[in-house]
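Every read-out reported here was derived from the displayed coordinates using simple, explicitly stated rules and does not represent laboratory data. Predicted, not measured: the structure shown is a model, and the values here were computed from it. Cβ coordinates were reconstructed from backbone atoms using ideal geometry, including for glycine residues, and neighbour counts include every protein chain displayed.
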Amino acid sequence: MTRGRLGLIVLVTLAAFSWGCSSNPTTGRTQMAFLSRDREIALGEGAKDQLTAEYGGAVSDAKLQAYVASIGHALAATTEADNPSLPWEFTLLDSEVINAFALPGGKVFMSRGLAERMTNEAQLAAVLGHEVGHVTARHSNERISQAMLVQGLVVGAALGASQSDEKWLQSAVPVVVGFGGQGYLLKFNRDQELEADALGVRYMVRNGYNPLGAQQVQEILRSAAGEGSRPPEFFSTHPYPERRIEQINKLLRGEYAYTQDRPDQYKLHEERFQREFKSRLASLPPARDGGGASMLAAAALTPHGPGGWCALCRDE
Ligand SMILES: [Zn+2]
């Protein structure tokens, strides 16, 4: 590489740093966020249909979808700054796999397989709140931005700021969706997972849910993992269970301890959940995605994610 070319790369990288860093009103920390809000939204919109299809489509029951969406929208309404005005959408996927994920710009998904294991509304709010937290903390944007720097802007060519919006989406959407739904952007690092957990608990409490539901979700996942034959896919998009349980317990004993003394104010909503959601869910025909295809796809992946992206993972 010539000296001039190296200099140019350094210059571009430094410039990227200076215009790419901003303070996030949700987390209060400074982060790299090269994608504009509009592009985040376009990316989520562009990838949502393909991703939904990979997980058996949306559950075709308007009441169940409305129930999930009403909880999701209530959580989103209590987010910071301009986040409540994002085009939020909450989709219950017709899939037996146990998973949940979010796309930038406010598209949140939860599998039927995970919902079926829940016993109260606070658990549902915990999962949606966690995914809402990934969106408001702009974790996908952060990962893209880091990737653009780490890969010497190779990814930048694919996600380039100078491309027309249409061309940009054509190259960016496959990166998000990836193989078998295990797209690069659906994977977050440990600090981002812990941050999303803390934000999820924050949004739960703001909506009058007992944050104990967040701890119960971790127990559901742990017991599902113990069943052996089909470990929750959730762990591939949301790793580090032990560390996460530890943090949630700490929040329950510390910052949010007061919620545990006020069951009249911070509720689990078991009865409403059974009546309006679980009983209806149980009457549905079998899921269109039995989990087989997704599991095969997951098995084909390296521990670090889809082939070619390992170098970008800084999970350890
Ligand atoms: Zn997560």
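Label-to-label distance, R3 versus R37, with points set 7 angstrom from Cα along the beta-carbon direction: 4.6 nm.
In terms of the mean number of neighbouring beta-carbon atoms within 10 Å, the peptides 127-134, 203-210, 98-105 order highest first as 127-134, 98-105, 203-210. With a threshold of 30 Å on the Cα-Cα distance, the over-threshold entries among K48/K250; K107/K267; K63/K167 are K48/K250; K63/K167. Modelled spin-label separation between R117 and K63, with each label point placed 7 Å from Cα along the Cα-to-Cβ direction: 2.6 nm.
When a/c is below 1.5 the answer is rounded, else prolate if a/b is larger than b/c, else oblate, so apply that to the stretch 106-148 with a ≥ b ≥ c taken from the square roots of the Cα gyration tensor eigenvalues. Because a/c hits 1.5 or more and a/b exceeds b/c, the stretch 106-148 counts as prolate.
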